Amino acid sequence: MARLRLGVLVSGRGSNLQALIDACSDPDFPAEVALVLSNVAGAPAIERARRAGLPTLVLPHRDYASRAEFDGAVHAALADAGVGLVCLAGFMRLLTPGFVDAWRDRMVNIHPSLLPAFKGLHPQQQALDAGVRVSGCTVHFVRNEMDSGPILVQAVVPVLPDDTAEILADRILGAEHAAYPLAVRLIAEGRVRVEGERAIVSGGDWRAVPLMVPGAGA
Ligand code: GAR
């Protein structure tokens, strides 16, 4: 079966991109990275993509007169590359409603909290401030409201008494690197459908899918 072609949008470090690259390096994984696109020249993520021999494109957003023009260029590049699923992986630009609608149910994001808790900036600090005992990450389809949309995969990690935002962020990041490839695999296998604003996953063992605690025997 043809592999699902991913367009990965990045702005920074690119550790989630790396997790996707590593997953796709397995010939049995049902997706491949078709394009890595960044709005930031010199982003470490772009270097990771080059090292993996993947097609890259840098579109500095300041070169465009408006958000709509920038998003139009991104859309054209993704379409040219035959992308079937857009993966936001630390992409630090808000996308216009037209772009989000064009990729409805074909664009996913990862966020370092258990949504709908702690949307927006500094979710790890928000978790510490709220005193929660667990946090984690969420992979979800993208909607126009920030950090919302049908939830595909969540992974849980403990919040420990001595955590700083940095320590918690690192722990969550480890969970992200497992959750993102899992979400992509579920979509690529055709096991996800959106009903209302919920993503329904069919088949498989439910104990292995909606909840993971990496490092805790899972
Ligand atoms: C990740 O922790 C991701 O969840 C977060 O940015 C980081 C990117 O790291 N995204 C958001 O906060 C989106 N709201 P990476 O560049 O190493 O993948």
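The values are calculated or read from the model by the stated rules, or taken from the named source; none is laboratory data. Small disclaimer: the values here were computed from a predicted structure and weren't measured. A quick note on method: Cβ atoms are made from the backbone with ideal geometry, for glycine too, and the neighbour counts reach across all protein chains shown.
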Quiz item: Can A52 be described as loosely packed, with under 13 Cβ neighbours inside 10 Å, of a type in the set (A, V, I, L, M, F, W, C) and at pLDDT 95 or above?
Solution: no
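Each row is one residue, and each column tells you yes or no for (1) within 16 Å of the ligand (Cβ to nearest atom); (2) more than 27 Å from A169 (Cβ to Cβ); (3) touching a residue at least 12 places away in the same chain (Cβ under 8 Å); (4) of a type in the set (F, W, Y).
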residue	(1), (2), (3), (4)
R48	yes, no, yes, no
G53	no, yes, no, no
L59	no, yes, yes, no
Y64	no, yes, no, yes
A81	no, yes, yes, no
L95	yes, no, yes, no
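Look at the stretch 149-191 and say how many of its residues are of a type outside the set (V, I, T) and touching a Leu at 6+ places or on another chain (Cβ under 7 Å).
Result for the stretch 149-191: 10.
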Practice problem: Being in contact with a Ser or Thr (Cβ under 9 Å, 6 or more places away or on another chain) and surrounded by fewer than 22 Cβ atoms within 10 Å (Cβ to Cβ) is the filter; apply it to the stretch 126-137 and report the residue that is nearest to D162 (Cα to Cα). | Solution: L128
Quiz item: What about Q154, is it within 15 Å of the ligand (Cβ to nearest atom), under 19 Å from A179 (Cα atoms) and in a strand (DSSP E or B)?
Solution: yes
Quiz item: Exactly one of (1) within 12 Å of the ligand (Cβ to nearest atom); (2) more than 15 Å from the chain's Cα centre (by Cα); (3) more than 24 Å from V40 (Cβ to Cβ) is unmet by G136. Its number?
Solution: (2)
Exercise. Go through (1) farther than 24 Å from I187 by Cβ; (2) without any contact (Cβ under 8 Å) to a residue 12 or more places away in the chain; (3) small (G, A, S) and name the single condition A2 misses.
Key: (1)
Exercise. State whether one or more residues within the stretch 99-109 are at pLDDT 95 or above, within 14 Å of the ligand (Cβ to nearest atom), in a loop (DSSP other than H, G, I, E, B) and in contact with a strand residue (DSSP E or B) (Cβ under 8 Å, 6 or more places away or on another chain).
Key: no
Exercise. Looking only at the stretch 26-44, decide whether some residue is closer than 30 Å to G196 by Cα, hydrophobic (A, V, I, L, M, F, W, C) and within 13 Å of the ligand (Cβ to nearest atom).
Key: no
Quiz item: Name the residues in the stretch 186-198 that are out of contact with any strand residue (DSSP E or B) (no Cβ under 7 Å at 6 or more places or on another chain) and not small (G, A, S), would you?
Solution: E189, E195, E197, R198
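Kindly indicate which of L168, L121 is assigned to a loop (DSSP other than H, G, I, E, B), at pLDDT 95 or above and within 12 Å of the ligand (Cβ to nearest atom). Can you show your working first?
Working: L168 fails: assigned to a loop (DSSP other than H, G, I, E, B).
Within the list L168, L121, the selection yields L121.
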